[in-house]
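Student: Next up is a structure, given as structure tokens.
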Amino acid sequence: MKAAVIVFPGLNRDRDMIAALTKIGGSKPAIVWHQDADIPDADLIVIPGGFSYGDYLRCGAIAARSPIMDKLRERAAQGVKVLGVCNGFQILIEAGLLPGALMRNMSLKFVCREVKLEVVNADTDFTRGYAKGQIIRCPVAHHDGNYFADAETLKRIEGEGRVAFRYAEGTNPNGSINDIAGIFNENKNVLGLMPHPENLIEAAHGGEDGRALFAAALQQVA
Amino acid sequence: MTLRNDIAITPDLVASHGLKPDEYQKILDLIGREPTYTELGIFSAMWNEHCSYKSSKKWLRTLPTKGPRVIQGPGENAGVVDIGDGQAVVFKMESHNHPSFIEPYQGAATGVGGILRDVFTMGARPVAAMNALRFGAPDHEKTRHLVSGVVAGVGGYGNSFGVPTVGGEVEFDARYNGNILVNAFAAGLADTDKIFYSKAEGVGLPVVYLGAKTGRDGVGGATMASAEFGDDIEEKRPTVQVGDPFTEKRLLEACLELMATGAVIAIQDMGAAGLTCSAVEMGAKGDLGIELDLDKVPVREERMTAYEMMLSESQERMLMVLHPEKEAEARAVFEKWELDFATVGKTTDDLRFRVLWQGEEVANLPIKELGDEAPEYDRPWTEPVIPAALDRSDVPQMDVAEALLALIGGHHCSSRRWVYEQYDTLIQGNSMQRPGGDAGVIRVEGAETKGLAFTSDVNPRYCEANPFEGGKQAVAEAWRNLTATGAEPLAATDNLNFGNPERPEIMGQFVKAVEGIGEACRVLEFPIVSGNVSLYNETNGRGILPTPTIGGVGLLPEWNRSVGIGFVAENQPILLIGGPAERGMHLGQSIYLRDLFDRRDGDAPHVDLAAEKKTGDFVRKLIRSGVVTACHDLSDGGLGVALAEMAITGGIGASVTDVEGNDPILTFFGEDQGRYLVTLNLDPQGEEIAALWKEAEALGIFAPWIGTTGSNALTLGAATSIPVATLTAAYENWFPSYMNG
């Protein structure tokens, strides 16, 4: 089982993500610099969180147009699992790998706190470690996580079981439509989410609720 | 020597550079001729209060700065302290007060950027940040705007850079109406054998400029920060720099990568007075001259003059002296991160600071004297007048439950959640205790169980009433907050914020506060390893409360033995450890008097340092033995507020009964020092607790069992019980409703 982490300048949760993948997967993921010609052979490709290119333009917009993203698109089309967390989610949306948009939080402020997530679809390679309807704890830390999609798109992703996680128990921190915290692509091999499961994977973090996501994503042998 | 000079030097020009006539005479005597305009700018940058510490130096020298663990004390970009296993913690606190008042977002953001740069300049990866913020009265017209801008600026920079904010302070007082305080702290981790310093070594070596391009922002910023504010303050906005955390993050990664190659001989970040200060410091420390060719400096604005380039405070820039044979390797690292890399000068053996611009020499000054011969003042000072102690009979009465709710729901004691939720408190995945407790705790990467604790403290009310005791108290409280997590206090950084030192009564506050800080640091074996002085915090002649902020760092051998402030279980005995036997007798300068009765009278509480040390050592030992389930020190608002915070944080109530015979106001709201509340996982009738009491008694430490955790309400003696939910609502409500109001 091989994982790779794509790093753009300005990302800053790459170390957290690499630590989580290493602790759960047992080996260090390959680190792919945005200027590298290609992505090494991997079963899971992750874009971690941060502020790529400072997010001075729309969050993720510049990274999404980086040449390495063409390689990522090819892999995703081949069925390789792709995970984008926080800025990674924003980049996947800007790259057109996931539908919708992530707007500024409704409060207009950065928010870092723990929220509750409902596992909406537990029948995927990312979420099979959870039970459908299970409520898990997870931290968030973002300024632009207010998910939006037009009515038609929303109807489609809801209907196709493409909502992965929903903010639960009134903890929606950003005003996301339908409390959406994370979504899949059509084939459910691409997952983007705003919360940071990589920051809740060991007792030292005060909980291990994020662990099952990585355990599942890292489980399948290529 | 003929140097190019385009602007005539007049007395008005000299004065507008913040140089006094006698200081200008000193320049004439030193160089034997009239300075050029560029040179005048360089002198003004090097000799202002902010860079030269000319009013404070004499007193700073009295502070204890050494200790068995201290690797580097004051004088470098940050202090360095050994934490064992070949690792060191590198930290400093620095003010960005004046810029933050003028332009809150950018002022605060660049304050955070500057302190982070100080830390990674030394080769350390930043792992924790804190911010001590002080604003004017909540009802002052500017306060909301300033709170909103400063907090957004701190978050905007730190969150993007990627460092967790683990603690800090937010306080309101009308005395900061015209001068807010933004004191930014950062700490990083490095290997003890891979610390980088600013002292240049070797002649003829390349001086390399790295990072962002130079613009006109911040020209004269350090001089601005060395003057009082008047009504013309809005005109000073152009002296505030603009921050770019994206560049800073790349600069961090590039610097650490470059340092790993072995190419770096010396490094200095460009902070206050930018290129001038960094070049002079590297040369002067290494007994070398420096020659700079400004035509090589990467600029982002056209037609910049030598003067502007030398005084620009554009952010995210570094100056290094590199091994010439590694220059290509170094350049490759910076190109990878898409940062500017330019050889802008060389080290020389003539001890001159020479600046070339458009092919001509515009400055040629003696480099050592620029730093060492800066004026130093022994400013006149007067002994502060200490107010009489509050008369024991003069205790304004109020219902205890009502008073507690008013305090916990007021601007001073309420939750700071509105603030710290705008900061990324958990990035890096090592935050073991986040803001809201006594100290932030992180675990140390690369070590099995080691942790570090961080706190920031000062009580300006106490410092105003009694600067000596207030100085002591600031150190003691920082030491106490670290102890309350189970950490061993290692060392501290001081950020001394005062008014105009040319006024003897302000200088008196400074002198006595530093004396108090020094005494406390000596007794508590808590040396000062870095710091910063911010004077002239006055607007239209009215000074701030004296505010010597202390940033403390502690070491936890086992972070999983660290405890928080929240009650963790029902039916656990609560012990009040330390303080005088009559406990809770000091109401002078208390929050109870100030916030509920608008009184600022009485002396500040005195700190018995020997008792402080003895008590703290006892509490730390208890925590490390594993019998303590929660610990909280008593500070503003005394026993009542501390109990409420423990109940709110844990979501569990408590009943405190053992208060007979005392005035309940004194008992619950007195601010006597050196006290901790602990809850224990011991049977209050059992042998273990009896042994604990015996040990405390033998040490002369008062440790009575005052109550028990449990139920969903807090009951203080005979007062009406308050549901924890009511307390929590009051505690959490003040800040958001104020900011929305």
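The values are calculated or read from the model by the stated rules, or taken from the named source; none is laboratory data. Remember, it's a predicted structure, so these values are computed and weren't measured experimentally. Note: ideal-geometry Cβ built from the backbone for every residue, glycine included; neighbour counts use all protein chains shown.
Student: Please go through the range B:318-334 and give me each residue that is surrounded by fewer than 16 Cβ atoms within 10 Å (Cβ to Cβ) and either without any contact (Cβ under 8 Å) to a residue 12 or more places away in the chain or not assigned by TED's automatic domain parsing to the domain that holds B:Met259 (or both), ordered by number.
Tutor: B:Glu325, B:Ala328, B:Ala332, listed by residue number.
Student: Then there is this: Test of understanding: among B:Arg125, B:Arg216, which residue is basic (Lys, Arg), under 30 Å from B:Val333 (Cβ atoms) and within 14 Å of chain A (Cβ to nearest Cβ)?
Tutor: Every option except B:Arg125 fails the conditions.
Student: Counting only residues that are within 14 Å of chain A (Cβ to nearest Cβ) and crowded, with 20+ Cβ neighbours inside 10 Å, which one in the range B:335-374 is farthest from B:Glu39 (Cα to Cα)?
Tutor: Applying the first criterion (within 14 Å of chain A (Cβ to nearest Cβ)) to the range B:335-374 yields B:335-339.
With crowded, with 20+ Cβ neighbours inside 10 Å added as a condition, the list becomes B:337, B:339.
Details: B:Trp337: 34, B:Leu339: 29 Å.
The selected residue is B:Trp337.
Student: For residues that are small (Gly, Ala, Ser) and out of contact with any Asp or Glu (no Cβ under 8 Å at 6 or more places or on another chain), scanning just the range B:529-549, find the one that is modelled with the highest pLDDT.
Tutor: If we filter the range B:529-549 for residues that are small (Gly, Ala, Ser), which is where we start, we get B:530-531, B:534, B:541, B:543.
Of the ones still in play, those that are also out of contact with any Asp or Glu (no Cβ under 8 Å at 6 or more places or on another chain) are B:534, B:543.
Details: B:Ser534: 95, B:Gly543: 90.
Of everything passing the filter in the range B:529-549, B:Ser534 is modelled with the highest pLDDT.
Student: Quick one: B:Gly579 ticks every box in (1) farther than 19 Å from B:Ala690 by Cα; (2) of a type outside the set (Asp, Glu); (3) modelled with pLDDT of 95 or more except a single one, so which number is it?
Tutor: (3)
Student: Let me ask something else. Tally up the residues in the range B:6-43 that are in contact with a Ser or Thr (Cβ under 7 Å, 6 or more places away or on another chain) and either over 25 Å from B:Asp372 (Cβ atoms) or among the charged types (D, E, K, R) (or both), please. First the steps, then the outcome.
Tutor: So in the range B:6-43, the residues in contact with a Ser or Thr (Cβ under 7 Å, 6 or more places away or on another chain) come out as B:17-19, B:42.
So of that shortlist, the ones also either over 25 Å from B:Asp372 (Cβ atoms) or among the charged types (D, E, K, R) (or both) come out as none.
Number satisfying all stated conditions: 0.
Student: Across the range A:137-189, what is the number of residues that are within 12 Å of the chain's Cα centre (by Cα) and within 14 Å of chain B (Cβ to nearest Cβ)? Reasoning before the result, please.
Tutor: Of the residues in the range A:137-189, the ones within 12 Å of the chain's Cα centre (by Cα) are A:140, A:145, A:164-165, A:181-185, A:189.
The next check asks that each one be within 14 Å of chain B (Cβ to nearest Cβ); those that pass are A:140, A:145.
The number of residues fulfilling the criteria is 2.
Student: Let me ask you something else. Kindly indicate whether any position in the range A:15-26 is in a loop (DSSP other than H, G, I, E, B), more than 13 Å from chain B (Cβ to nearest Cβ) and either farther than 30 Å from A:Arg104 by Cα or modelled with pLDDT under 95 (or both). Reasoning before the result, please.
Tutor: Let us first name the residues in the range A:15-26 that are in a loop (DSSP other than H, G, I, E, B), namely A:26.
Filter once more, keeping what is more than 13 Å from chain B (Cβ to nearest Cβ): A:26.
The next check asks that each one be either farther than 30 Å from A:Arg104 by Cα or modelled with pLDDT under 95 (or both); those that pass are A:26.
Taking every residue of the range A:15-26 in turn, at least one turns out to be in a loop (DSSP other than H, G, I, E, B), more than 13 Å from chain B (Cβ to nearest Cβ) and either farther than 30 Å from A:Arg104 by Cα or modelled with pLDDT under 95 (or both).
Student: Just one of A:Ala63, A:Ala95, A:Ala4, A:Ala76 is crowded, with 18+ Cβ neighbours inside 10 Å and either over 24 Å from A:Ala141 (Cα atoms) or facing chain B (nearest Cβ under 10 Å) (or both); which is it? Steps first, please.
Tutor: Numbers: A:Ala63 fails: either over 24 Å from A:Ala141 (Cα atoms) or facing chain B (nearest Cβ under 10 Å) (or both); A:Ala95 fails: either over 24 Å from A:Ala141 (Cα atoms) or facing chain B (nearest Cβ under 10 Å) (or both); A:Ala4 fails: either over 24 Å from A:Ala141 (Cα atoms) or facing chain B (nearest Cβ under 10 Å) (or both).
Result: A:Ala76 is the single residue among A:Ala63, A:Ala95, A:Ala4, A:Ala76 that is crowded, with 18+ Cβ neighbours inside 10 Å and either over 24 Å from A:Ala141 (Cα atoms) or facing chain B (nearest Cβ under 10 Å) (or both).
Student: Here's something else I'd like to know. Do any strands (runs of 3 or more DSSP E) entirely within the range B:303-367 hold 1 or more residues that are over 28 Å from B:Gly243 (Cα atoms) and at pLDDT 95 or above, and if so, which? Even if it seems obvious, please write down each step before you answer.
Tutor: Values: elements: B:317-322, B:340-348, B:352-357, B:360-366.
Correct list: B:340-348, B:352-357, B:360-366.
Student: In the range A:190-205, which residue that is in contact with a Lys or Arg (Cβ under 8 Å, 6 or more places away or on another chain), within 13 Å of another protein chain (Cβ to nearest Cβ) and not in a helix (DSSP H, G or I) is farthest from A:Gly84 (Cα to Cα)?
Tutor: Once the filter is applied, the top-ranked residue is A:Glu202.
Student: Still on this structure, I have one more. Quick check: is even one residue across the range B:296-317 surrounded by 23 or more Cβ atoms within 10 Å (Cβ to Cβ) and within 14 Å of chain A (Cβ to nearest Cβ)?
Tutor: Yes, some residue in the range B:296-317 is surrounded by 23 or more Cβ atoms within 10 Å (Cβ to Cβ) and within 14 Å of chain A (Cβ to nearest Cβ).
Student: What are the residues in the range B:66-85 that are buried (at least 21 other Cβ atoms within 10 Å of the Cβ) and polar (S, T, N, Q), if any?
Tutor: B:Asn77
Student: Let me ask something else. Residue under question is A:Ile47, and the condition is that it be crowded, with 24+ Cβ neighbours inside 10 Å, in contact (Cβ under 8 Å) with a residue 24 or more places away in the chain and either within 23 Å of A:Gly100 (Cβ to Cβ) or within 11 Å of chain B (Cβ to nearest Cβ) (or both); does it hold?
Tutor: yes
Student: Next question, about the same structure. Please indicate, with yes or no, whether at least one residue in the range B:172-181 is hydroxyl-bearing (Ser, Thr, Tyr), out of contact with any helix residue (DSSP H, G or I) (no Cβ under 7 Å at 6 or more places or on another chain) and away from chain A (no Cβ under 14 Å).
Tutor: In the first step, residues of the range B:172-181 are kept if they are hydroxyl-bearing (Ser, Thr, Tyr); the result is B:176.
Going one step further and asking which of them are out of contact with any helix residue (DSSP H, G or I) (no Cβ under 7 Å at 6 or more places or on another chain), we end up with B:176.
In the following step, the residues that additionally are away from chain A (no Cβ under 14 Å) were identified as B:176.
Yes, because at least one residue in the range B:172-181 is hydroxyl-bearing (Ser, Thr, Tyr), out of contact with any helix residue (DSSP H, G or I) (no Cβ under 7 Å at 6 or more places or on another chain) and away from chain A (no Cβ under 14 Å).
Student: Which residue, of A:Glu169, A:Glu202, A:Glu118, is surrounded by 18 or more Cβ atoms within 10 Å (Cβ to Cβ), in contact (Cβ under 8 Å) with a residue 24 or more places away in the chain and under 30 Å from B:Pro435 (Cα atoms)?
Tutor: Working: A:Glu169 fails: surrounded by 18 or more Cβ atoms within 10 Å (Cβ to Cβ); A:Glu202 fails: surrounded by 18 or more Cβ atoms within 10 Å (Cβ to Cβ).
Being surrounded by 18 or more Cβ atoms within 10 Å (Cβ to Cβ), in contact (Cβ under 8 Å) with a residue 24 or more places away in the chain and under 30 Å from B:Pro435 (Cα atoms) holds for just one of A:Glu169, A:Glu202, A:Glu118, which is A:Glu118.
Student: Taking the stated definitions as given, is A:Lys116 farther than 30 Å from A:Arg65 by Cα and more than 14 Å from every other protein chain (Cβ to nearest Cβ)? If you could, list the steps in order and put the result at the bottom.
Tutor: Working: farther than 30 Å from A:Arg65 by Cα: yes; more than 14 Å from every other protein chain (Cβ to nearest Cβ): yes.
Yes: the conditions hold for A:Lys116.
Student: Consider A:Ala131 carefully, then state whether it is surrounded by fewer than 22 Cβ atoms within 10 Å (Cβ to Cβ), part of a loop (DSSP other than H, G, I, E, B) and not aromatic (Phe, Trp, Tyr).
Tutor: Numbers: surrounded by fewer than 22 Cβ atoms within 10 Å (Cβ to Cβ): yes; part of a loop (DSSP other than H, G, I, E, B): yes; not aromatic (Phe, Trp, Tyr): yes.
So A:Ala131 fits the description; yes.
Student: Tell me, which strands (runs of 3 or more DSSP E) lie completely within the range B:481-599 with 2 or more residues that are within 23 Å of B:Ala88 (Cβ to Cβ) and within 14 Å of chain A (Cβ to nearest Cβ)?
Tutor: Numbers: elements: B:488-497, B:528-534, B:547-556, B:573-578.
By residue number, no strands (runs of 3 or more DSSP E) qualify.
Student: Further question: On the basis of being assigned to a loop (DSSP other than H, G, I, E, B) and either facing another protein chain (nearest Cβ under 9 Å) or out of contact with any Asp or Glu (no Cβ under 6 Å at 6 or more places or on another chain) (or both), does A:Asp38 make the cut?
Tutor: Here the answer is yes, as A:Asp38 does meet what is asked.
Student: Can you give me the number of residues within the range B:398-451 that are buried (at least 18 other Cβ atoms within 10 Å of the Cβ), part of a helix (DSSP H, G or I) and either more than 10 Å from chain A (Cβ to nearest Cβ) or without any contact (Cβ under 8 Å) to a residue 60 or more places away in the chain (or both)?
Tutor: Selection size over the range B:398-451: 8.
Student: If I ask for residues that are over 30 Å from B:Thr449 (Cβ atoms), under 15 Å from the mean Cα position of the chain (by Cα) and hydrophobic (A, V, I, L, M, F, W, C), which ones from the range B:72-108 would you list?
Tutor: Hit for the range B:72-108 is B:Ala108, nothing else.
Student: With the condition kept exactly as written, say whether any residue in the range B:189-202 is in contact with a Lys or Arg (Cβ under 9 Å, 6 or more places away or on another chain), away from every other protein chain (no Cβ under 14 Å) and in a strand (DSSP E or B). Steps first, please.
Tutor: Restricting attention to the range B:189-202, the residues satisfying the condition of being in contact with a Lys or Arg (Cβ under 9 Å, 6 or more places away or on another chain) are B:189-190, B:197-200.
Filter again for away from every other protein chain (no Cβ under 14 Å), leaving B:190, B:197-200.
Those still in the list that are in a strand (DSSP E or B) too: B:190.
Yes, the conditions are met somewhere in the range B:189-202.
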